[in-house]
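Input: a single structure, listed below in structure tokens.
The values are calculated or read from the model by the stated rules, or taken from the named source; none is laboratory data. Computed from a predicted structure; not experimentally measured. As a convention, Cβ positions derive from the backbone with ideal geometry for all residues, glycine included, and neighbour counts pool all protein chains shown. Keep in mind that these areas ignore ligands, DNA and RNA; they rest on the heavy atoms of the full protein, side chains included. Shrake-Rupley method; radii C 1.70, N 1.55, O 1.52, S 1.80 Å.
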Amino acid sequence: MVPYDEANVHVLTHSLHYGLAVFEGMRVYRCVDGRSAIFRGREHIRRLIESGLILEMKIPYAQEELLKAAAEVVRVNRLAECYIRPIAFYGEGEMGLSARGNKVRVAIAAWPWGAYLGEDSVKLGVRLKTSSFVRFHPNSLMPHAKASGQYINSILAGYEARRNGYDEALLLDVQGYVAEGSGENIFIVRDGKVRTPPVNSILPGITRDAVMRMLHGAGIEVREELFPRDAVYISDEVFMTGTAAEVTPVREVDDRQIGSGRPGPITVKLQEMFQAALKGQDARYQEWLYYV
Ligand code: PPE
């Protein structure tokens with residue numbers, strides 16, 4: 001455990017220069033029995049290790065060790081609910097693109113983090129704008145890895161959308177089909193059927209997976225398929241998912257109102273199911289909780 005002010009890195013930290021680091025974001029919720037749990041902690045740590053594998057970075061700790069360490073950070077900081085950020089990066093030593101000898105360092109931090117897209121976003125919904133930045137081609141970067149440098153794509157899209165008065169960017173893939181938000185996956189609903197883009201050029205979100213399972217469990221059909229932006233415009237409901245964003249309704253896309261302009265029935269039902277699952281109120285999803 002290192003105090004906040006001492007949790008520093010050297011300016012020649014290799015990953016700081018070239019962006020090759022992998023990270024995760026997990027949320028801790030206080031359950032109905034008063035205990036705190038990392039929501040889908042196991043899956044997040046698995047993705048962290050796999051992000052490393054994709055980028056040829058071997059993380060020098062086992063899944064179980066990393067999970068225990070994350071829980072310990074939450075306990076020591078006495079946080080009942082928080083966001084946890086594990087990151088694995090190359091430390092200082094050699095510089096240059098070809099350096100292979102630098103040690104892989106792992107840090108885990110935790111802090112309280114409220115609604116990702118603003119206070120009212122979860123209740124009222126957000127406004128999206130299709131970005132002029134295209135989600136990167138899967139042969140340029142690696143969409144299944146949650147890697148630091150790749151987020152320049154997301155950050156630029158987010159800057160553009162927010163500078164123009166929108167809450168979040170909607171990125172299209174290289175073919176022009178809907179991909180995802182800058183830090184969220186996207187779902188659309190029409191005539192009671194739910195669709196979400198396949199994991200071709202997007203981050204395979206762990207919340208996305210949870211949502212698909214919960215909808216399936218509630219008897220609501222979900223299809224993974226490509227669709228163009230106009231399919232979003234004529235949806236009855238649109239929502240985004242992510243660890244930070246949770247289930248955020250979308251009320252407007254490219255200045256077109258979605259449905260009634262208020263969170264629709266499937267979105268609201270899903271938000272309720274999601275809350276029940278993360279608070280340990282639904283026995284079917286109990287295995288998603290890693291108690292700290
Ligand atoms: N797509 C992207 C590009 C993305 O960054 C996230 C998470 C998701 C989809 C949803 O994935 P998941 O969290 O596994 O459901 N974005 C993280 C980073 C947020 C940040 O600003 O930092 C998050 O939600 O933790």
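Here are some notes:
- Span per principal axis, largest first, for the Cα atoms of region 204-292 (Å): 43, 25, 24
- Surface composition of region 121-278: carbon plus sulfur atoms contribute 50% of the solvent-accessible area (1.4 Å probe, protein chains only, all chains present).
- Pairwise label distance in nanometres, Asp5 with Arg100, each label 7 Å out on the Cα-Cβ vector: 4.2
- Ranked packing of 227-233, 253-259, 5-11, most packed first, by mean Cβ within 10 Å: 253-259, 227-233, 5-11
- Taking 0.890 mPa s as the viscosity and 25 °C as the temperature, the Stokes-Einstein diffusion coefficient of the chain based on its alpha-carbon Kirkwood radius rounds to 124 µm²/s.
- Radius, Kirkwood style, for region 121-278 when every pair of distinct Cα atoms is counted (Å): 15.4
- Axis of helix 206-217 versus longest Cα principal axis of the chain: the two differ by about 40°, to the nearest ten degrees.
- Computed magnitude of the charge dipole of the chain (debye, nearest 20; Cβ of K, R +1, Cβ of D, E -1): 300
- Along its three principal directions, the equivalent ellipsoid of region 118-204 from the Cα gyration tensor extends over semi-axes of 21, 18, 12 Å, largest first.
- Residue of Phe136, Phe187, Phe239 that the Gaussian network model of the chain assigns the largest fluctuation, springs spanning Cα pairs under 10 Å: Phe136
- Arg213 sits among other residues whose Cβ lies under 14 Å from its own Cβ, and their net charge, with Lys and Arg +1 and Asp and Glu -1, is -3.
- Computed from Cα atoms, the angle from the helix 265-278 axis to the main principal axis of the chain rounds to 30 degrees.
- What the Cα atoms of region 4-113 give is an Rg and a Dmax of 15.0, 51 Å.
- Accessible solvent surface per residue of the chain, calculated while the other protein chains remain in place, 1.4 angstrom probe, Å²: 49
- Long-range HN-HN contacts of Asp236 with modeled amide H, under 5 Å: Val189, Arg190, Asp191
- Phi to ³J(HN,Hα) by Karplus 6.51 cos²θ - 1.76 cosθ + 1.60 over region 17-32, Hz, x for Gly, Pro: 7, 10, x, 8, 9, 10, 9, 9, x, 9, 10, 10, 10, 8, 7, 4
- For the options Ala210, Ala245, Ala62, a Gaussian network treatment of the chain with springs between C-alpha atoms closer than 10 Å singles out Ala62 as fluctuating the most.
- Measuring between alpha carbons in the structure, the pairs from Lys58/Lys146; Lys123/Lys279; Lys129/Lys269; Lys123/Lys146 lying more than 21 angstrom apart are Lys129/Lys269; Lys123/Lys146.
- In sequence order, calculated HN-Hα J values of region 186-196 (Karplus, 6.51, -1.76, 1.60; Hz; x Gly/Pro): 10, 10, 10, 10, 9, 6, x, 9, 9, 10, 8
- Cα long-axis angle, helix 41-54 against the chain (0 to 90 degrees, to the nearest 10): 70
- Carbon plus sulfur fraction of accessible area for region 4-113, probe 1.4 Å, in percent: 53
- Charge-dipole axis of the chain as Lys and Arg at +1 and Asp and Glu at -1 on Cβ define it, positive-most pick from Ser154, His137, Pro3: Pro3
- Among the trypsin sites (Lys or Arg not before Pro) in region 41-113, those placed in a DSSP loop whose Cβ has at most 15 other Cβ atoms within 10 Å are Lys58, Arg78, Arg100, Lys103.
- Given +1 at the Cβ of Lys and Arg, -1 at the Cβ of Asp and Glu and no other charges, the dipole of region 4-113 around its Cα centre is 320 debye to the nearest 20.
- Extension gain for Arg256 to Asp209 (0.36 nm times residue separation, less C-alpha to C-alpha distance): 14.1 nm.
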